[in-house]
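Each reported figure results from applying straightforward, stated rules to the coordinates on display, with no laboratory input. Model, not experiment: these values are computed from the prediction. Cβ coordinates were reconstructed from backbone atoms using ideal geometry, including for glycine residues, and neighbour counts include every protein chain displayed.
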Amino acid sequence: MIGRPCEIQLLASGQSNQTLRLRTDTEDYVLKRWRYEQVFAVDRELEVSIQKELAQQALAPEVLAYDAKQGWFLQPYYQAPSLQQVTLSPLIKATVLAETLSKIHNTRVDIPAWSMSERVEHYLQQLRSVNSAVAAQMSQKLVPMQPLLEDWLSYPVLCHNDLSMNHILMADPIRIIDWEYAGIGHPLFDIASAIVVNELSDQASVRLITEYEKIAHYQIDRQRLAQWCEFVEWLNKVWQHLFRHLS
């Protein structure tokens, strides 16, 4: 049990969850209140399992307590800025992103893989229930990208799948947070997601790619990566359509 909080602060966080900082006389915590896992097909038990394994490897904060049924999760609060907040050049930040992605992709975890095709179909089904016209448009746009989904597990590695710079805490060592969309998948999706969600410039994107190739010893197919970036943008649009109807 934690002590009675003497201060509660609402933290800036992602759109779908509420995140609070709880301070007691002696301890500092982050309490996340989960929402919308049914709509977005988030497996909370898998999320916790991943974070527990990564905490043992000093890649993520420790899981102190959670209740999937009640929808809450407790971890330590880190007095560290995010990569987004620190004063570094965009190219240096791109290098840190590359290092972080490589570290994640080279980490071995014992978890089941989920299907991107099934996840996409779930999103489209949810969208059809609230806006069938938009769902039809998005389904049509997906058709030329279907081969990517079939390629999802052709090079299976652990992926974060939402590596915003806000999710990288510049502690010593670096800690990565918000693992709700993580799973076994294709590294190019994870790299594409980092490029898109962080709105990297062309120059910063090139830096991320070249640094990742050097660190991970993995040759990136630029044309294929561009296709994954297009898919990430498509997926984010579907997600935003769904979220607008929820809110």
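For the chain, modelled as a GNM with alpha-carbon contacts under 10 angstrom, which of His122, His105, His217 fluctuates the most?
Highest fluctuation of the listed residues: His217.
Take the chain, connect every pair of alpha-carbon atoms lying under 10 Å apart with a spring to form a Gaussian network, then pick out the residue of Pro173, Pro61, Pro76 with the largest mean-square fluctuation.
Pro173
Restricting to DSSP loop positions (anything but H, G, I, E, B) with no more than 15 other Cβ atoms inside 10 Å of their own Cβ, which GluC sites (Glu not before Pro) remain in segment 43-95?
Working: sites: Glu45, Glu47, Glu53, Glu62; in loops: Glu62.
Passing sites in segment 43-95 are Glu62.
For a 22 Å ceiling on Cα separation, which of these pairs sit above it: Lys103/Lys214; Lys32/Lys237; Lys93/Lys214; Lys32/Lys69; Lys214/Lys237?
On the way: Lys103/Lys214 13 Å; Lys32/Lys237 25 Å; Lys93/Lys214 16 Å; Lys32/Lys69 13 Å; Lys214/Lys237 32 Å.
Long pairs (Cα-Cα over 22 Å): Lys32/Lys237; Lys214/Lys237.
Fewest to most neighbouring Cβ within 10 Å: what's the order for Ile209, Ile191, Ile111?
Numbers: Ile209 18, Ile191 28, Ile111 15.
The order, fewest Cβ neighbours first, is Ile111, Ile209, Ile191.
Test of the criteria: in segment 61-135, which trypsin sites (Lys or Arg not before Pro) are in a DSSP loop and have at most 10 other Cβ atoms within 10 angstrom of their Cβ?
Qualifying residues, ordered by number: Lys69, Arg108.
Over all directions, what mean area does the Cα convex hull of segment 7-76 project, stated in square nanometres? Let's see the in-between values first.
Working: hull surface 20.5 nm².
Here the figure is 5.1 nm², rounded to one decimal.
Going by a ≥ b ≥ c, the root eigenvalues of the Cα gyration tensor, does segment 90-246 fall in the rounded group (a/c under 1.5), the prolate group (a/b larger than b/c) or the oblate group? Display every interim value, and only then the final one.
Values: a/c = 1.68, a/b = 1.65, b/c = 1.01.
In terms of gyration-tensor shape, prolate.
Given the DSSP H assignment, sum -39500 (n - 2.57) over each helix run of at least 4 residues in the chain and divide by its residue total; what's the result at 222 nm in deg cm²/dmol, nearest 500? Walk me through the numbers before you get to the answer.
Details: 9 runs with 115 residues, N = 247.
That calculation yields -14500 deg cm²/dmol at 222 nm.
Sorting Asp28, Asp190, Asp67, Asp202 on the 10 Å Cβ count, fewest up front, what's the list? Working shown, then result.
Numbers: Asp28 14, Asp190 23, Asp67 11, Asp202 8.
Fewest to most other Cβ atoms nearby, the residues stand as Asp202, Asp67, Asp28, Asp190.
Roughly what would the spin-label model give for Arg108 and Glu233, points 7 Å off Cα along C-beta, in nm?
Result: 3.8 nm between the two label points.
What percent do you get for the relative contact order of segment 7-76 when only Cα pairs under 8 Å and 6+ apart count?
Working: 105 pairs, mean separation 17.5, N = 70.
Dividing the mean separation by the residue count of segment 7-76 yields 25 percent.
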